[in-house]
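**Student:** Quick one: the structure is below, questions incoming.
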Amino acid sequence: MVDVHALAATLDEAARDVRAIPPLTGAMPLDLAAAYAVQRAGIELRRRRGERLAGVKMGFTSRAKMAQMGVGDVIWGLLTDGMPAGPSVDVSRLIHPRIEPEIAYLIGREVRSATEVESAVTGVAVGFEVLDSRYRDFRFTLPDVIADNASAARFGFGAWHRPRDVSNIGLLLEIDGRPVQTGSSAAILGDPARSLRAAARLALGAGMALEPGWIVLAGAATAAVPLPEGAHVRVTGAGLGGVEVTT
């Protein structure tokens, strides 16, 4: 029997203590249903400390990553209002932070069906996610990363634009003025809108509707790169402007 709450507390303490731990599956078997239960229990711990749900983040939105992990579907995690980066990120409070460029969607009304989610979007923006696996050496199995809220840590986004086709937007990630990753939003399931629909499908399947004001991070357009201290990061998207953050 998996003690969901004990595992969630273990991950929560690791994050708060900035301490890497061994993967959960090294000590016990963990299936996907139990892993998502651990994830939700971990979010509940954050909510008890006063945080509120702020959206959904998608993971494994690259076909190559799916093949590497041996899965046929994306994974997802939850965002809270304690995760926005603001103008800076204190990386000393993270274990091994990495950053990746994203496409972000703003939900304008409650979504009760995956087929209506695109019509519920009121804004699209270039964004970023800071990942921070709580596992030692950034090594984990699929159930481990799901339990760890899909490695969510911080996120940010630029100015909102009216909904538009973002199926092939060029994205650039720069650190201290030096390009470190370039890619296209087409790397996100061929079109970030597919990831948006998957976010609605998975949330609804878990008994959760996407709420007005929530953010959906559609997934990475490039590989994540280490985020060092004392850095200036800028993510730009063709026609979408940019977003900046310092560490």
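The values are calculated or read from the model by the stated rules, or taken from the named source; none is laboratory data. Small disclaimer: the values here were computed from a predicted structure and weren't measured. Please note: Cβ atoms are built from the backbone with ideal geometry, for glycine as well, and neighbour counts cover all protein chains shown. Each accessible area value is taken on the protein alone, full model and side chains, heavy atoms only, with ligands, DNA and RNA left out. Shrake-Rupley method; radii C 1.70, N 1.55, O 1.52, S 1.80 Å.
**Student:** Of all residues in the range 107-129, which are assigned to a strand (DSSP E or B) and open to solvent by less than 40 Å² (accessible area, probe 1.4 Å)?
**Tutor:** Once the filter is applied, which keeps residues that are assigned to a strand (DSSP E or B) and open to solvent by less than 40 Å² (accessible area, probe 1.4 Å), the range 107-129 yields 107, 111, 121, 123, 124, 125, 126, 127, 128, 129.
**Student:** May I ask you to list the residues in the range 157-178 that are open to solvent by 10 Å² or more (accessible area, probe 1.4 Å) and part of a strand (DSSP E or B)?
**Tutor:** Of everything in the range 157-178, those that are open to solvent by 10 Å² or more (accessible area, probe 1.4 Å) and part of a strand (DSSP E or B) turn out to be 157, 161, 170, 172, 174, 175, 178.
**Student:** List, please: which pairs have Cβ atoms under 6 Å, are six or more places apart or on different chains, and start with a residue in the range 204-219 that is within 17 Å of residue 155 (Cβ to Cβ) and end with one that is among the acidic types (Asp, Glu) and surrounded by 14 or more Cβ atoms within 10 Å (Cβ to Cβ)?
**Tutor:** 217/102; 217/129
**Student:** Then there's this: Which numbered condition trips up residue 144, out of (1) farther than 25 Å from residue 246 by Cα; (2) acidic (Asp, Glu); (3) not in a helix (DSSP H, G or I)?
**Tutor:** (3)
**Student:** Here's another thing I want to ask about it. Got a number for residues in the range 33-67 being assigned to a helix (DSSP H, G or I), modelled with pLDDT under 95 and open to solvent by less than 30 Å² (accessible area, probe 1.4 Å)?
**Tutor:** 1
**Student:** Check 91, 130, 121 and return the single one that is closer than 25 Å to residue 12 by Cβ and more than 16 Å from the chain's Cα centre (by Cα).
**Tutor:** So the residue among 91, 130, 121 that is closer than 25 Å to residue 12 by Cβ and more than 16 Å from the chain's Cα centre (by Cα) is 91.
**Student:** Filter the range 130-150 for residues that are modelled with pLDDT of 95 or more and of a type in the set (S, T, N, Q); which is least open to solvent (accessible area, probe 1.4 Å)?
**Tutor:** Among those that are modelled with pLDDT of 95 or more and of a type in the set (S, T, N, Q), it is 133.
**Student:** Kindly list the number of the only condition in (1) touching a helix residue (DSSP H, G or I) at 6+ places or on another chain (Cβ under 8 Å); (2) buried (at least 17 other Cβ atoms within 10 Å of the Cβ); (3) not aromatic (Phe, Trp, Tyr) that fails for residue 94.
**Tutor:** (1)
**Student:** Also, I was wondering about something else. Can we say residue 20 is at pLDDT 95 or above, touching a Pro at 6+ places or on another chain (Cβ under 9 Å), open to solvent by less than 60 Å² (accessible area, probe 1.4 Å) and within 14 Å of residue 140 (Cβ to Cβ)?
**Tutor:** So residue 20 fails the test.
**Student:** Of the residues that sit in the range 82-106 and are among the hydroxyl-bearing types (Ser, Thr, Tyr) and in a strand (DSSP E or B), which one is farthest from residue 163 (Cα to Cα)?
**Tutor:** Applying the filter and picking the extreme gives 88.
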